[in-house]
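Peer 1: Structure incoming, see below.
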Amino acid sequence: MSHPASIENEHAQPSAHRIGRSCVRRLLAAASIATLAGCISLAPGYTRPALPVPTSYPADTGSADTRNDAAEPVLPDWHDYFRDPRLRALIDEAMTNNRDLRVASARIEQARAVVGIRRSAQFPGIDATATAARFRLPAGLLSPRPVVGDLYDAGLLESSWEIDLWGRVREAKAAALDTLFAVESTRKAVALSLIARVADTYFGICELDERLAFTRETIASRERSRHIFARRYEVGATSKLDLEQSEILLEQARTLEAQLAQARAGEAHALDVLIGAPAHLEMRDRPLDDAAVMPSLVAGLPSSLLEARPDIVAAEQRLRAANANIGVARAAFFPRIALTSSFGSSSTELSNLFSTSAGAWAFIPNLTLPIFDAGRNRSNLQLAKAQRDEATAQYEQAIQNAFRDVADALSATTWLGAQVETARATLDAQTERARLARLRYDDGVTPFLEVLDAQRDSLSAEQQLVQTRRALLSSRVALYTALGGATAASSAGLANDSDGLAAVRNSRTDHETHE
């Protein structure tokens, strides 16, 4: 049966091989045009906004001797910064099990997939097709009599592929890539925040352990005192009032012990959530050595935060993505050329489908020129610009917040260090006062109420010293975080992008068109 759609003489058609070569040449020529066209970009030129903070930290932060150093400090990785073995083990476990970090890692994979989708739009999509159809044509259409027959097709189809004359596809991919880098930096920020929370919670538990140890020593001492007063009262050597006051001192210490034990349990539960598993952290048998836990840090200049703080890096990458989206919106005002082509075989008989005479091809360019869209393209451009302005404000706000975080942490480390020394001196004075008050009472010079007040103040001074030392450690953690402390928690393989997408981001501004 003859092909119903045959119009030209079959022998007058070029061979299938020549048709294939011609079609391939057209596709290669179109690809070359697309490559050259991709050099055009309608995105505005990107310039990093000026630093919206002073060039140095306030004088009251105590960093005047270091912030103007010519060499910027290099922050150690957290493995090197936190020297306590138990703390390092807890952070390692949190890096593996913490659910917030897993969510951030999943978002990186989502952003990476979006980059792959945007990148694929730069290349033709080729599909293998095969169809079999049974048809009937009415009389008078191609023949005086009705025609019933079969039609078989097989070949390769290149779906509608846009020649990126104005860089629309290229800028969309660049925006997706910047978003990927922003998400990756956000993951680093989550990891850094997690490290800080684990460290701060751990130090909180250590503080409570030390306070509990002091309190239990005090309870043991006051139990001995109550026993002595009970014996004295039995023989009439002391009054009932003194006995009751010694009982009050003991019960106050026991109440404090219960409060501290409850607080420690709460901190332990919080640590379990952070590390994603039960910590089973035993009570410390000795106080932390503050000087050996963490080294001191040099703040450097505020400008160093731009490269070190992952939240600032993420904000700038989102700004770059918003900048690229302006180029996408601008390209919508210009014509779009799309190509569709196919090459294969077509026959009314399955046995002849792959014969030399069954070759078939099609090459269909399509030009779309926007004429009237009721202001949609203009509104999209205004939206892209407004989003760029929002991203700029968020970037500047991130820098200002980082500047304040560092300034606050510097002030805290400076003044808390002074408070620790004052608290130590206060404890020494209160301990001596309690000793003297007890001697005066034993000599009958003063009532037991003076001993009661001195011992109560001595216990309070012990607790205050431990709390201040913990606050100092927390301020050092805050400073490390505020400076963008280094984490070895970047997504594996992201820095070494095998597809070379980072090079696209760095080079896409070579042919920018300014607003």
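Peer 1: Of all residues in region 435-451, how many are outside any loop (DSSP other than H, G, I, E, B) and surrounded by fewer than 19 Cβ atoms within 10 Å (Cβ to Cβ)?
Peer 2: To start, the set of residues in region 435-451 that are outside any loop (DSSP other than H, G, I, E, B) comprises 435-442, 448-451.
From what's left, surrounded by fewer than 19 Cβ atoms within 10 Å (Cβ to Cβ): 435-436, 438-440, 442, 449-450.
Result for region 435-451: 8.
Peer 1: Filter region 90-130 for residues that are in contact with a Gly (Cβ under 9 Å, 6 or more places away or on another chain) and not in a helix (DSSP H, G or I); which is modelled with the highest pLDDT?
Peer 2: Asn98
Peer 1: Among (1) crowded, with 17+ Cβ neighbours inside 10 Å; (2) in contact with a Ser or Thr (Cβ under 9 Å, 6 or more places away or on another chain), there is one condition Ser304 misses while meeting the rest; what is its number?
Peer 2: For Ser304, the exception is condition (2).
Peer 1: Please enumerate the residues belonging to region 146-190 that are assigned to a helix (DSSP H, G or I) and either more than 20 Å from the chain's Cα centre (by Cα) or modelled with pLDDT under 85 (or both). Explain how you work it out, then say what you get.
Peer 2: Quick first cut of region 146-190, residues assigned to a helix (DSSP H, G or I) only: 168-190.
Once the filter is applied, which keeps residues that are assigned to a helix (DSSP H, G or I) and either more than 20 Å from the chain's Cα centre (by Cα) or modelled with pLDDT under 85 (or both), region 146-190 yields Arg168, Val169, Arg170, Glu171, Ala172, Lys173.
Peer 1: Inside region 131-145, can you point out the residues that are outside any strand (DSSP E or B), closer than 26 Å to Ser357 by Cα and among the aliphatic types (A, V, I, L, M)?
Peer 2: Listed by number, the residues that qualify are Leu141, Leu142.
Peer 1: Considering only residues of region 383-396 that are under 21 Å from the mean Cα position of the chain (by Cα) and in contact (Cβ under 8 Å) with a residue 60 or more places away in the chain, which is surrounded by the fewest Cβ atoms within 10 Å (Cβ to Cβ)?
Peer 2: In this case the residue turns out to be Glu390.
Peer 1: Taking Ser342 as meeting all but one of (1) surrounded by 16 or more Cβ atoms within 10 Å (Cβ to Cβ); (2) out of contact with any strand residue (DSSP E or B) (no Cβ under 7 Å at 6 or more places or on another chain); (3) not in a helix (DSSP H, G or I), write down the number of the exception.
Peer 2: Unmet for Ser342, out of (1) surrounded by 16 or more Cβ atoms within 10 Å (Cβ to Cβ); (2) out of contact with any strand residue (DSSP E or B) (no Cβ under 7 Å at 6 or more places or on another chain); (3) not in a helix (DSSP H, G or I): (2).
Peer 1: Something else about it: Would you point out the residue of region 122-143, among those that are in contact (Cβ under 8 Å) with a residue 40 or more places away in the chain and in contact with a strand residue (DSSP E or B) (Cβ under 7 Å, 6 or more places away or on another chain), that is nearest to Leu339 (Cα to Cα)?
Peer 2: So the residue we want is Pro124.
Listed here are the residues, each with its yes/no results for (1) among the aromatic types (Phe, Trp, Tyr); (2) under 30 Å from Asp80 (Cα atoms); (3) without any contact (Cβ under 8 Å) to a residue 40 or more places away in the chain.
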site: Ser304; (1), (2), (3): no, yes, no
site: Val313; (1), (2), (3): no, yes, no
site: Arg318; (1), (2), (3): no, no, no
site: Ala321; (1), (2), (3): no, no, no
site: Pro365; (1), (2), (3): no, no, yes
site: Pro370; (1), (2), (3): no, no, yes
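Peer 1: Test Thr218 against the stated conditions and say whether it is of a type in the set (Val, Ile, Thr), in a helix (DSSP H, G or I) and farther than 30 Å from Asp443 by Cα. I'd like the intermediate steps shown before the answer.
Peer 2: Numbers: of a type in the set (Val, Ile, Thr): yes; in a helix (DSSP H, G or I): yes; farther than 30 Å from Asp443 by Cα: no.
So Thr218 fails the test.
The values are calculated or read from the model by the stated rules, or taken from the named source; none is laboratory data. Here the structure is a predicted model, which means the values were calculated and not measured. Glycine also receives a Cβ, built like all others from the backbone with ideal geometry; neighbour counts cover every protein chain displayed.
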